[in-house]
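Accompanying notes for the structure given below.
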Amino acid sequence: MLETKVCIVGAGPAGAAAALQLAQLGIECIVVDKAVFPRDKVCGDGLSGKVITALNRIDPAIATRLKEANFKVNSWGVTFVSPGRHSLDVGYRPDYNSNIENHKETPIGYVCKRMDFDNFLVDEIKRRPEIKLLEGVTVDKYELKEDGYIVTGSKGFQAKAQLLIIANGAHSSFTKEVANITMEPKHYVAGIRAYYKNVNGNNADNFIELHFLKDLLPGYFWIFPLPNGEANVGVGVLSEAVRKKKMNLKKSMLDIIANDPVFKERFKDAALISNIEGYGLPLGSKVRVISGERYMLVGDAAYLIDPFTGEGIGNGLYSGRIAALKAADALKANNFSAAQLAAYDAEVYRVMGPELRLSHRLQKLIKYPWLFNTLMKVSSRNKQLQELLSCMFYEVDLRKKLAKPSFYVKLLFNR
């Protein structure tokens, strides 16, 4: 049996961030993943400014290597399009200006396939002697003992750990069976994704596009530009609405591409170059208990996806890093109780809570097309709101602004 202070189950962005931060702190760990990398992951493929911010905080050298990697395109922001086709461009940084050439020197957002990004992180893991990575191993049993967890899996894998970091995604059996967090349709999005080649009319600065089309509310159609003339195209809708309306997301997406007057033109030269695949997004639109005796949940396993934009990678990296810091505290105190690890929950929701709450409000707003159209119109004239939306992608910590009721009054009256 292997013995370790920390066992991380899952080597995606959240698990990788936890492992790399532990390595920076000189703490050895085991990372186990059922996949052998590189592997595909169904996702929108967008990396907001939070990704670089998180990697910089773990180790600036990792951020530098990502900036230099050639498997991505530089993306400068997001285009939101309301049901009434009112469009709002939001830069990934508050000082973005499409008319200034020098902004192109320092991109902080990217689009790249998860096969490439996740493999980049796994390569970073492999650089570190403090991390033992086991690929192609499925963990199927967790046994809590007085002095640690015994984790058992395929290929004869067995490890004893003082602490577990659970990073194995939206369908984690640990999340469901041990942490007692289950899928709730009003806090979950059903998504589908496909890759297309030669989509016309993409933004010159590779903005990702979220189109809140009337027939998809509360959800959206997206186009994310990728290298080599490819694009990630998909649809995401609240699972509750999919059930109520008996929606077929694949049919909805293909109907939009074939018949919508705007997209019919943009896709006239496009070719579908992949299967259309589905996945689920567990949303951070509700506060949950994401730790317990000798464990912490991170990333999608902790239900931390942004309810408005659907972004999960940045929040996964942030939560993984926070878990590593709290693991270090627990090891130092030799205390792995639920009470000790509750400090992890407190820090995650301190850092991400204001943004998740705001995104949940925006998600509810899009159920009312007239209200959402009004917000988009107001936003196009309201620098304060544009800066807020930029900050949502650029930096997680918005507590000071969002704590003041006066901020919302000013938004309402466009001041």
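Name the residue, out of LEU389, LEU411, LEU362, LEU385, that is surrounded by 14 or more Cβ atoms within 10 Å (Cβ to Cβ), at pLDDT 70 or above and assigned to a helix (DSSP H, G or I).
After ruling out the rest, the residue left standing is LEU362.
Hey, could you check segment 143-162 for residues that are out of contact with any Leu (no Cβ under 6 Å at 6 or more places or on another chain) and small (Gly, Ala, Ser) and say which is farthest from ALA35 (Cα to Cα)?
GLY148
Quickly run through segment 247-293 and pick out the residues that are in contact with an Asp or Glu (Cβ under 8 Å, 6 or more places away or on another chain) and surrounded by fewer than 19 Cβ atoms within 10 Å (Cβ to Cβ).
ILE273, LYS286, VAL289
Looking at the structure I just gave you, is VAL178 modelled with pLDDT of 95 or more, of a type in the set (A, V, I, L, M), in contact with a strand residue (DSSP E or B) (Cβ under 9 Å, 6 or more places away or on another chain) and under 19 Å from GLY44 (Cα atoms)?
no
Of the residues GLY46, GLY91, which single one is touching an Asp or Glu at 6+ places or on another chain (Cβ under 8 Å) and either closer than 23 Å to ASP260 by Cβ or touching a residue at least 24 places away in the same chain (Cβ under 8 Å) (or both)?
Just a single option satisfies the conditions, and that option is GLY46.
Just checking, how many residues over segment 169-209 are β-branched (Val, Ile, Thr) and free of Cβ contacts under 8 Å to residues at least 60 places away in the same chain?
1
Can you pull out every residue in segment 294-321 that is open to solvent by 10 Å² or more (accessible area, probe 1.4 Å), over 23 Å from PRO185 (Cα atoms) and assigned to a helix (DSSP H, G or I)?
Result: TYR318, ARG321.
Taking the condition more than 17 Å from ILE166 (Cβ to Cβ) and within 14 Å of the chain's Cα centre (by Cα), does SER359 pass? Break it down into steps so the answer makes sense when it comes.
Values: more than 17 Å from ILE166 (Cβ to Cβ): yes; within 14 Å of the chain's Cα centre (by Cα): yes.
Against the criterion (more than 17 Å from ILE166 (Cβ to Cβ) and within 14 Å of the chain's Cα centre (by Cα)), SER359 qualifies.
For segment 128-246, which strands (runs of 3 or more DSSP E) that fit wholly inside it have 2 or more residues that are surrounded by fewer than 19 Cβ atoms within 10 Å (Cβ to Cβ)?
131-135, 139-145, 148-153, 158-166
Which residues, taken from segment 341-358, are open to solvent by less than 10 Å² (accessible area, probe 1.4 Å), within 15 Å of LYS286 (Cβ to Cβ) and in contact with a helix residue (DSSP H, G or I) (Cβ under 7 Å, 6 or more places away or on another chain)?
The answer is VAL348, MET352, GLU355.
Test PHE336 against the criterion of being over 18 Å from the mean Cα position of the chain (by Cα), surrounded by 20 or more Cβ atoms within 10 Å (Cβ to Cβ), outside any helix (DSSP H, G or I) and at pLDDT 95 or above, and give yes or no.
On the way: over 18 Å from the mean Cα position of the chain (by Cα): yes; surrounded by 20 or more Cβ atoms within 10 Å (Cβ to Cβ): yes; outside any helix (DSSP H, G or I): yes; at pLDDT 95 or above: yes.
It is true that PHE336 is over 18 Å from the mean Cα position of the chain (by Cα), surrounded by 20 or more Cβ atoms within 10 Å (Cβ to Cβ), outside any helix (DSSP H, G or I) and at pLDDT 95 or above.
The values are calculated or read from the model by the stated rules, or taken from the named source; none is laboratory data. Please read these numbers as outputs of a predicted model, since none were measured by experiment. As a convention, Cβ positions derive from the backbone with ideal geometry for all residues, glycine included, and neighbour counts pool all protein chains shown. For accessibility, only protein heavy atoms count, side chains too; no ligands or nucleic acids. Shrake-Rupley method; radii C 1.70, N 1.55, O 1.52, S 1.80 Å.
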